[in-house]
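Everything below concerns the one structure shown next.
The values are calculated or read from the model by the stated rules, or taken from the named source; none is laboratory data. Fair warning: this is a prediction, and the values are worked out from it, not measured in the lab. Note that we place each Cβ from the backbone using ideal geometry, even for glycine, and neighbour counts take in every protein chain shown.
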Amino acid sequence: MRKIGLVAWREYMDNVRTKGFWIGILAFPLIIVLSATVPILLTKAKEARNYAVLDHSGFALAEVEKRILADDLGVVLEAAAQRYRDGSQAWDRLPSPVKAAGRVYVSIAEAERQALIAALAVVEADAYLADEVAVQVPELAAGLAEWWRQVSAEELDALDLELSRSRYARVAVPDVPDPQAALSQMVNDGELFAYFVIGADIVERDEGCKYVSLNLTDQDLRGWFARRVSQVVRARRIEREGIDLKVAGWLQESVLFKARKVDKRGSQVEISSVDTARQWAPMVFVYLLWVAIFTNSQALLTNTIEEKSTRVIEVLLSSVSPFELMAGKIAGMAASGLTVVGTWAICIGIGLAVVPGMLGGKDASFGGIIVDPLYLLSFLFYFLSGYLLYASLLVGIGSVCNSLKEAQNLMLPILIPLMLPLMAMVLVSQDPNGTFARVMSFIPLFTPFVMMNRAAGPPPLWEYLATTVLMVVSVYLAVRGAGKVFRIGILMTGKPPRLREIVRWMVLKEGVNPSEGEGV
Amino acid sequence: MNYSTAVQLDKVWKRFGAVEAVRGVSLHVPAGCIYGLLGPNGAGKTTIIRMIMSIFFADEGQVSVLDGQDAAAVKDRLGYLPEEKGLYKKMKVGELMTYFARLKGIEDREARRRADELLQRYGLGEWRERRCEALSKGMGQKVQLLITLIHEPDLVILDEPFSGLDPVNRDLMRDVILQMRRDGKTVIFSTHIMEQAEQVCDYVALINKGKKVLDGSLSEVRSSGGRAAVLDYDGDGHLLRDLPGVAKINDSGKQAELLLQEDADAQQVLAAILGKVQIRRFDLREPSLHEIFIRAVGGADDA
């Protein structure tokens, strides 16, 4: 035991001194920080796409502009309402016209809100609004319009909202005899991202409607603009056919299914953001688990081969037994893996203490899950058992190979199953207690990943117990088998044995000559 | 010395699949001697050594060390220098030596002290804080030898210790072996070069094809081979053939070993040589181990 400890300690210190260890430690927090900040920075850095509209219909563009305004107002008011409900300081910082409209917005029913926005943007008559709301509209609209006109881009950025206004900027069509040719030239010169041509008879049919751009991959602008033109045209058609607006609205209404879940007592509950996070958190854990298990057992394989190729092994074996050596190596690498994972956990902890303040408290739900003992403990258990299982397999392989290249061939049958849980991750998350997930849980190579993945379910207790027992037994068998292979393989030079032969070593007691073709 | 028998093998067999690497070998290594395990490559020397070191286990027969103990139980009292050896490249020299000493049960502080002292004594003092990969091949060999000795083992086993050594390290190795004996320790080493064994061994065992061919003290083994003469000469070696009284001649060009017939008169042999080649030396003695080995193998080879 003392010798295992010594081997483990050396292994640990050796590993801590490698670059890979520190890259491993730093990579995860770095990825988290980057993935949190880069998209924000990118969106902020992304310049508004310039577009132009050649409107032959004479009315569509003006109507679309109103709808764009309505959409942006909707986003602003929804954000205002959110802040009002949260009672956060962010509400106080809002400009007063927004606050005024926001108060009204919160006070009315959900169905009426669209109507209020439409009315404020002067898209439609205030058909749906209750009288006491309707009377306030002109004043609110005027205030908002005034604010909207003079608000600077920086101020809008500070609100941190997804506004069309900051994504797409309309450029006026040049006043020339052939405007389409001029616009095409502008697209070619890169001054315009794209331009639209709206046909003259658009209410009748969409003949002559065009979208011209050099960029064929980014279809956001096209879809966004087309949706709004369609709305406008639809409104015109309704009007022309003399259909009552209320009837038309009702005709076009889609059916919404509200998401609810059932709690333990069988009553229905609303779904909170914690629930959503709970669905997704396991996948994050599975991924971390996978990375941690894979990198550590892989490192173990590499340094076993290194030990062999530098011929330190036989001197070692004169002081420790092969099993002590193997156990020490596995333990040392486990300690180094736990150090990495532990550092990540501390990073997450610190991050959760700091970040929610920055995000206005809305992302704290994920934190609640990470500190959930079910997740933390199972992560720890599945890391250790999964690592032990894969580490013994890889250390066994490492012991019979003399170079990484040789090892790669033998590793293939292990790496392929290791990929499966990653590929099945979404599937298992969607149906954590389905047949597929349950079957996968009982295959020891997959158990750690799949059971972690299913944590949102969560699986019934008996499955936890059964898979844990199965896992412990498999780890025991794997370590024993690896011990046998290691004992023979570690002194072996020359061509690595076939898989079949390795299996034979595990079963037979007979000695195998490790130094075939050499001085025996 | 606290034991009288260093190593005892009783009818030991070791098979690897269909290959019989060691076939019923019995050895007795008395304490405090230098013991040579001799034989050509592939004779089974390394396998025997690995069984003594409890790296392998015998299929049949008994292996015991230090007065009948199980080698696995007394690993800490044994020192082993394998033929294929290396160092952890990334470790510092001092750290590495401390690590191996601690694996042999030496307490940390004492292990450091000994590593320091040995490195100083063998002129590697300034290498203590450098990584092993910086060592030259010769220095690396020295460090490996020091690792074998750092825990002051009672029994040291060296597998082909002289192979690949430069002349300086070869002398160092020989001095270490002789010093060990002076300190009352036992040294077992294997070699396929008989001359090395002849220079230092008290006892030898000749191994061929997994079997022991001969063993005993060096003088016993050699006197079992009859009489011989060593001749240093200049001239045409062909003229030495068919000398009267000479049973066989091992001619190396400048030196020849003449194996005399039982009733031969050495003076007549010398007289017969005179005039054929220029004699620089003519020495009567026992036949070389090489010759004894060849004869023994020739007679006992039943494989």
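General remarks:
- Check on residue B:40, within 15 Å of the chain's Cα centre (by Cα), farther than 26 Å from residue B:149 by Cα and either at pLDDT 85 or above or more than 8 Å from chain A (Cβ to nearest Cβ) (or both): yes
- Filtering B:78, B:87 for residues that are crowded, with 16+ Cβ neighbours inside 10 Å, in contact with a Pro (Cβ under 8 Å, 6 or more places away or on another chain), within 8 Å of chain A (Cβ to nearest Cβ) and at pLDDT 85 or above leaves a single hit, B:78.
- Residue identified as in a loop (DSSP other than H, G, I, E, B) and at pLDDT below 85 among A:216, A:140: A:216
- Residue list for the stretch B:202-225, restricted to those being hydrophobic (A, V, I, L, M, F, W, C) and either out of contact with any Ser or Thr (no Cβ under 9 Å at 6 or more places or on another chain) or within 14 Å of residue B:48 (Cβ to Cβ) (or both): B:204, B:205, B:206, B:207, B:213, B:218, B:221
- Single residue of the stretch B:90-129 satisfying the filter (free of Cβ contacts under 8 Å to residues at least 40 places away in the same chain and within 7 Å of chain A (Cβ to nearest Cβ)) that is nearest to residue B:188 (Cα to Cα): B:103
- Matching residues in the stretch B:1-59 - criterion: being closer than 22 Å to residue B:217 by Cα and aromatic (Phe, Trp, Tyr): B:3, B:35
Every residue, every condition in (1) in a helix (DSSP H, G or I); (2) under 29 Å from the mean Cα position of the chain (by Cα); (3) not assigned by TED's automatic domain parsing to the domain that holds residue A:292, yes or no:
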{"site": "A:412", "(1), (2), (3)": "yes, yes, no"}
{"site": "A:416", "(1), (2), (3)": "yes, yes, no"}
{"site": "A:433", "(1), (2), (3)": "no, yes, no"}
{"site": "A:440", "(1), (2), (3)": "yes, yes, no"}
{"site": "A:477", "(1), (2), (3)": "yes, no, no"}
{"site": "A:496", "(1), (2), (3)": "no, no, no"}
{"site": "A:506", "(1), (2), (3)": "yes, no, no"}
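- Residue pairs whose Cβ atoms lie under 7 Å apart, sitting 6 or more positions apart in sequence or on different chains, and linking a residue in the stretch A:130-142 that is among the basic types (Lys, Arg) to a partner that is not in a helix (DSSP H, G or I), do not occur here.
- Residue in the stretch B:26-34 that is crowded, with 20+ Cβ neighbours inside 10 Å, farther than 30 Å from residue B:195 by Cα and either touching a residue at least 40 places away in the same chain (Cβ under 8 Å) or more than 10 Å from chain A (Cβ to nearest Cβ) (or both) present: no
- Residues in the stretch A:220-241 that are more than 22 Å from residue A:169 (Cα to Cα) and either without any contact (Cβ under 8 Å) to a residue 12 or more places away in the chain or outside any helix (DSSP H, G or I) (or both): A:238, A:239, A:241.
- The test for being more than 30 Å from residue A:184 (Cα to Cα) and of a type in the set (A, V, I, L, M, F, W, C) holds for residue A:292.
- Set A:240, A:311: member being within 30 Å of residue B:144 (Cα to Cα), surrounded by fewer than 19 Cβ atoms within 10 Å (Cβ to Cβ) and of a type in the set (Lys, Arg): A:311
- Top-ranked residue of the stretch A:45-65 - restricted to ones that are without any contact (Cβ under 8 Å) to a residue 40 or more places away in the chain and aliphatic (A, V, I, L, M), ranked as farthest from residue A:230 (Cα to Cα): A:45
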